[in-house]
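Throughout, read-outs are computed from the coordinates displayed, never taken from laboratory work. Just so it is clear, the structure is predicted and the values come from calculations on it, not from any experiment. Glycine gets a Cβ as well: all are built from the backbone with ideal geometry, and neighbour counts include every protein chain shown.
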Amino acid sequence: MLAIAILAAGKGTRMNSKLPKVLHSLAGKSLIDRVLSCTQGLKPNLRLVVVGHQAKLVEDSLKNHKDLDFVLQQPQNGTGHAIQQLIPKLKGFKGELLVLNGDVPLLKEETLCSLIKFHKESKASVTFLSASLDSPIGYGRVFTDESGLVKEIIEERDCTNAQRKNTLINAGIYCFDWQQLSDILNLLSNQNSQNELYITDTISLLKKALHFKVDNPFEIKGINDRFQLSECEHYIQKKLKSLWMSKGVSFVDPISCSLSEDSNFGTDVIIEPQTHLRGKCNIGNGCHIGPGCIITNSTLAENVLAIHSFINEATIGNNTSIGPFAHIRPESNISKNSKIGNFVEIKKSFIGEKTKINHLSYVGDSTLGKNINIGAGTITANFDGKNKYRTIIDDFSKTGANSVLVAPIKIGSHVTIGAGSTISKDIPDKSLVVERSKAMIRTKAD
Ligand code: UD1
Ligand code: CA
């Protein structure tokens with residue numbers, strides 16, 4: 001039997017934030033979400049999350065993980081006190097309890113598997129992850145005897161100067177034999193610099209404590225402040241960009257760009273500086289993106305060109321060009337070979353093949369056919385102050401500069417709308433329409 005407990009009740013004082021520490025995000029995913037993801041494949045019998053500081057906010061953020069059981073720790077008297085709160089939930093439980101700190105987000109599932117395996121094979125009371133760090137600052141130090149058994153973990157603030165020189169640190173990830181742990185949990189004392197109950201004090205109370213060293217120190221990096229958060233972000237970004245470069249994506253200036261882990265690329269994609277991909281993006285072969293694009297949860301087919309633009313929850317077809325300075329908003333589908341030019345905003349609209357919306361337009365709640373030319377400054381007036389209405393324009397039609405189409409409205413195919421017109425009724429196929437007041441010209445007196 002395997003139970004997993006994630007400690008996420010702390011405030012994260014060193015973050016200086018209104019947001020609980022475990023809800024800060026790395027490459028678009030919260031710290032706690034990352035910790036949870038690396039436990040998914042372990043098939044635990046139960047997953048407990050200890051919450052306390054802003055408990056509801058933390059719980060709400062994890063709504064999509066259906067199997068979680070939340071345990072309230074109030075007040076937050078330390079990591080040992082957090083573990084004591086599990087006692088009622090684990091009554092009668094026999095097996096391993098895997099404890100993870102909610103602020104160690106880069107951990108890999110394989111490492112946890114190896115830890116559990118090693119722990120079981122060595123019949124230890126507890127085995128925890130450790131690392132030898134060049135700079136062990138901030139971590140609890142691990143002290144072993146000649147046989148390799150761990151004698152104690154001493155928190156940095158409780159170490160003597162000599163003890164602080166020890167570079168073997170506790171990563172805050174433990175595999176316990178629950179029965180042995182539950183027998184000693186009420187022996188913890190708060191005789192330390194923070195007057196808290198420490199989970200690390202269980203080590204010297206248990207019969208056989210072992211540590212399991214990880215090779216990559218980044219994997220067990222704990223996040224206590226925003227500096228460490230940015231180091232982890234940098235680490236993830238560097239890894240992601242290296243991966244995609246090896247698969248055929250060029251980054252002109254990688255350091256200025258950021259990616260999400262859920263983004264996928266074809267080959268011969270060029271990413272120019274200051275370009276950011278968020279959420280789930282699919283970027284097809286030959287796309288050229290940036291400089292200056294932010295693309296979120298969108299699909300770009302092949303050979304799309306996008307410059308200085310926002311593309312959010314949209315689909316863009318082959319050979320289409322976007323920008324500079326276009327804003328493609330959710331539920332927009334732009335077909336192949338079309339062109340969305342400068343200062344154009346598209347929302348919840350379908351744009352057919354080879355249609356051009358080149359300059360200064362707003363197209364919202366619309367369905368446009370193919371080979372349409374939308375003149376500069378054309379606006380679909382979709383909102384009457386209460387409701388939104390649709391605009392339909394059929395194939396091969398043209399709108400003149402500064403046209404306003406008052407929705408709901410249907411413009412037929414092969415229609416030409418004269419510049420400056422405000423059209424508020426349906427226009428049949430193959431017609432020319434102009435709606436404009438007559439110019440009044442008077443000679444000025446001298
Ligand atoms: C802890 C370890 C330290 C280790 C380090 C690794 C202790 C006493 N020390 O220190 O040996 O090197 O992690 O990163 O455990 N939490 C609660 N309830 C509380 C206090 C904390 O749930 O009352 C949670 C926090 O939300 C956090 C985790 O426990 O996710 C660790 O707490 P934190 O205060 O960051 O411990 P460290 O000082 O980093
Ligand atoms: Ca920590």
> Angle, helix 226-246 long axis vs. longest principal axis of the chain, Cα atoms, 0 to 90°, nearest 10?
Replying inline: 60 degrees
>> How much length would be gained if the chain were fully extended between Phe218 and Phe70, taking 0.36 nm per residue of separation minus their Cα-Cα distance, in nm to one decimal?
In response: 50.5 nm
>> Tell me which of Leu97, Leu68, Asn195 sits at the most positive position along the dipole axis of the chain, charges placed on C-beta atoms (Lys, Arg +1; Asp, Glu -1).
In response: Leu68
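Only bridges whose two residues both fall in the chain count here: according to DSSP, what percent of them are antiparallel, nearest 5? All intermediate terms of the calculation are to be shown ahead of the outcome.
On the way: 19 of 104 bridges.
Counting only bridges with both partners in the chain, antiparallel ones make up about 20 percent.
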>> For a protection proxy built on the mean count of beta-carbon atoms within 10 angstrom, sort 368-374, 13-19, 169-175 highest first, please.
In response: 169-175, 368-374, 13-19
>> Can you return the aspartates and glutamates within cross-link range of Lys430? Criterion is Cα-Cα under 13 Å, with same-chain partners fewer than 8 residues away left out.
In response: Asp394, Asp395
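Among residues other than Leu31 whose Cβ falls under 9 Å from its Cβ, what is the net charge (Lys/Arg +1, Asp/Glu -1)?
Details: positive: Lys21, Lys29, Arg34; negative: Asp33, Asp103.
Once positives and negatives cancel, what remains is +1.
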>> Sort 74-87, 143-156 by packing, meaning the average of other beta carbons within 10 Å per residue, with the highest value first.
In response: 74-87, 143-156
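Rounded, prolate or oblate: which one fits region 2-225, using the alpha carbon gyration tensor with axes a ≥ b ≥ c (rounded when a/c is under 1.5, else prolate when a/b beats b/c, else oblate)?
Details: a/c = 1.33, a/b = 1.18, b/c = 1.13.
Judged from the Cα gyration tensor, region 2-225 comes out rounded (a/c under 1.5).
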> When the convex hull of the Cα atoms of region 227-433 is projected onto a plane and the area is averaged over all directions, what value comes out in nm²?
Replying inline: 11.5 nm²
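For Ser114 and Glu261 in one chain, what is 0.36 nm times their gap in residues minus the Cα-Cα distance, to one decimal in nm? Before the final figure, lay out each step's value.
Values: separation 147, 0.36 × 147 = 52.92 nm, distance 2.43 nm.
Going from the current span to full extension adds 50.5 nm.
For the ranges 232-244, 410-422, 181-193, 27-39, what's the packing order if you count other beta-carbon atoms within 10 Å of each residue, average per peptide, and put the highest first? Walk me through the intermediate numbers first.
Values: 232-244: 16.2, 410-422: 18.6, 181-193: 14.3, 27-39: 20.8.
Averaged packing, sorted descending, gives the order 27-39, 410-422, 232-244, 181-193.
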> Can you list residues whose amide H is under 5 Å from Gly364's amide H, if they're 5+ apart or on another chain and H is modeled 1.01 Å from N?
Replying inline: Lys347, Thr380
> To the nearest Å, what is the center-to-center distance of region 367-428 and region 82-141, using C-alpha atoms only?
Replying inline: 63 Å
> Can you give the calculated 222 nm mean residue ellipticity of the chain, where each DSSP H run of n ≥ 4 adds -39,500 (n - 2.57) and the sum is split over every residue, rounded to the nearest 500 deg cm²/dmol?
Replying inline: -4500 deg cm²/dmol
> When only alpha-carbon atoms count, how far does the chain stretch along each of its three principal axes, as whole angstroms with the largest first?
Replying inline: 102, 53, 45
> What is the spread of the Cα atoms of region 342-446 along each of their three principal axes, largest first, in whole Å?
Replying inline: 54, 33, 28
> For the pair Ser246 and Lys438, how long in nm is the line joining their label points, each one 7 Å along Cα→Cβ?
Replying inline: 7.6 nm
> Based on Cβ point charges of +1 for Lys and Arg and -1 for Asp and Glu, what charge dipole magnitude is obtained for the chain about its Cα centre, in debye rounded to the nearest 20?
Replying inline: 1160 debye
